[in-house]
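Quick notes on the structure that follows.
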Amino acid sequence: MRRRARRVAGWALLIMTGTAAAQEGGDLQAQILYAYHTEDANGLTSLAEHLAAQVASNPDDRSLRYHLAHADYRRGLLAAAAAPRDAEHALADCVDQLKAVLAQDVKSAEAMILQAACLESLADLRKVEGVLLRARADDRIKAALALEPRNPRGLFVASSRDLERTKPGTAEHRRAAAELELAAQAFDASSSTSPDAPGWGHADTYLALGAELEARGDRVGARNWIEKALIAAPDYKAAQRRLASLARP
């Protein structure tokens with residue numbers, strides 16, 4: 001009986017430890033996204049520093065490395081216009097953290113997707129290496145979508161890349177816009193099975209689709225998707241600004 005009691009206690013401890021770790025992962029995601037949506041660069045930097053310290057103490061923890069890479073990615077996006085050197089460093093750090101994740105799990109579609117996003121953004125800043133970086137991003141996103149064809153983050157990153165590289169009004173651009181709509185549909189159909197599962201991309205995708213529809217002259221459709229982005233992330237400043245601009249005649 002005592003042996004069985006010890007086993008039950010051990011199982012309970014494992015469950016509690018796993019639940020706490022998952023909750024921490026979910027909290028980290030929420031903090032990263034909130035700082036990005038509210039454009040809190042200092043908050044993102046603090047989160048990245050905190051995560052970097054944790055990674056230094058737990059170098060084999062792939063989840064921590066993924067969160068750190070995500071924080072670096074968001075830092076890079078925020079800093080790209082005002083502080084391109086800082087953005088470059090953050091995005092390069094994102095790529096490096098995900099190299100370590102992929103060294104442990106070569107079939108991590110989520111790590112490939114996030115690395116592709118970082119590489120694509122880094123290519124905009126490193127003009128000389130741009131072609132090489134974009135080729136690496138293409139390889140990553142193709143490999144990820146071969147593993148998980150309906151991954152909403154993969155579809156979003158691929159469609160964003162294609163929209164940026166094609167001219168409005170062309171058949172290629174229309175196909176890219178259709179890919180973005182598929183990404184939005186995939187997000188609508190997706191549900192996280194764990195607080196620690198990657199859960200970013202909903203608001204980004206909805207806002208991007210709203211912007212694309214606005215560019216086509218579909219202001220009603222644009223408003224619907226931008227409002228949906230704000231339902232997903234009520235404090236999303238970029239979406240707030242876009243919605244305000246739609247209200248102007």
- Do we have Pro59 as within 24 Å of Phe187 (Cα to Cα), outside any helix (DSSP H, G or I) and not charged (D, E, K, R) here? no
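From the set of residues in segment 72-84 that are buried (at least 16 other Cβ atoms within 10 Å of the Cβ) and free of Cβ contacts under 8 Å to residues at least 40 places away in the same chain, which is nearest to Tyr36 (Cα to Cα)?
Narrowing segment 72-84 to residues buried (at least 16 other Cβ atoms within 10 Å of the Cβ): 72-80.
Next, from what is left, pick out any that are free of Cβ contacts under 8 Å to residues at least 40 places away in the same chain: 75, 79.
Details: Arg75: 8, Ala79: 11 Å.
Looking at the filtered set, the residue picked out is Arg75.
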- With respect to the numbered conditions (1) at positive phi; (2) loosely packed, with under 15 Cβ neighbours inside 10 Å, which one is the sole condition not fulfilled by Gly201? (2)
- Task: Pick out, from segment 79-163, the helices (runs of 4 or more DSSP H) lying fully within it that include 1 or more residues that are under 26 Å from Leu213 (Cβ atoms).
- Result: 109-125, 130-147
- When segment 97-150 is checked residue by residue, the ones that are open to solvent by less than 10 Å² (accessible area, probe 1.4 Å) and either over 16 Å from His67 (Cα atoms) or in contact with a Gly (Cβ under 6 Å, 6 or more places away or on another chain) (or both) are Ile113, Leu119, Leu122, Ala123, Gly130, Leu133, Ala137, Ile141, Ala144
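Each row is one residue, and each column tells you yes or no for (1) farther than 20 Å from Ala111 by Cα; (2) touching a residue at least 24 places away in the same chain (Cβ under 8 Å).
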{"site": "Pro198", "(1), (2)": "no, yes"}
{"site": "Arg219", "(1), (2)": "yes, yes"}
{"site": "Ala233", "(1), (2)": "yes, yes"}
{"site": "Ala239", "(1), (2)": "yes, yes"}
{"site": "Ala244", "(1), (2)": "yes, no"}
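Determine whether segment 152-163 contains at least one residue that is open to solvent by 50 Å² or more (accessible area, probe 1.4 Å), of a type outside the set (Ser, Thr, Tyr) and out of contact with any Lys or Arg (no Cβ under 9 Å at 6 or more places or on another chain).
Filtering segment 152-163 down to residues open to solvent by 50 Å² or more (accessible area, probe 1.4 Å) leaves none.
Checked segment 152-163: no residue is open to solvent by 50 Å² or more (accessible area, probe 1.4 Å), of a type outside the set (Ser, Thr, Tyr) and out of contact with any Lys or Arg (no Cβ under 9 Å at 6 or more places or on another chain).
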- Tally of residues being open to solvent by 50 Å² or more (accessible area, probe 1.4 Å) and in contact (Cβ under 8 Å) with a residue 60 or more places away in the chain across segment 28-71: 2
- Filter segment 206-249 down to residues that are open to solvent by less than 60 Å² (accessible area, probe 1.4 Å) and not in a helix (DSSP H, G or I), then give me how many there are. 3
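Right, Leu28: assigned to a helix (DSSP H, G or I), touching a His at 6+ places or on another chain (Cβ under 8 Å) and either of a type outside the set (Val, Ile, Thr) or modelled with pLDDT of 95 or more (or both) or not? Don't jump to the end; show me each part of the working.
On the way: assigned to a helix (DSSP H, G or I): yes; touching a His at 6+ places or on another chain (Cβ under 8 Å): yes; either of a type outside the set (Val, Ile, Thr) or modelled with pLDDT of 95 or more (or both): yes.
The answer is yes for Leu28.
The values are calculated or read from the model by the stated rules, or taken from the named source; none is laboratory data. Owing to the predicted nature of the structure, the values given are computational and were not obtained by experimental measurement. Positions of Cβ are generated from backbone atoms using ideal geometry, with glycine treated the same way; all protein chains shown enter the neighbour counts. Side chains are part of the model used for accessible areas, which takes the heavy atoms of the whole protein and leaves out ligands, DNA and RNA. Shrake-Rupley method; radii C 1.70, N 1.55, O 1.52, S 1.80 Å.
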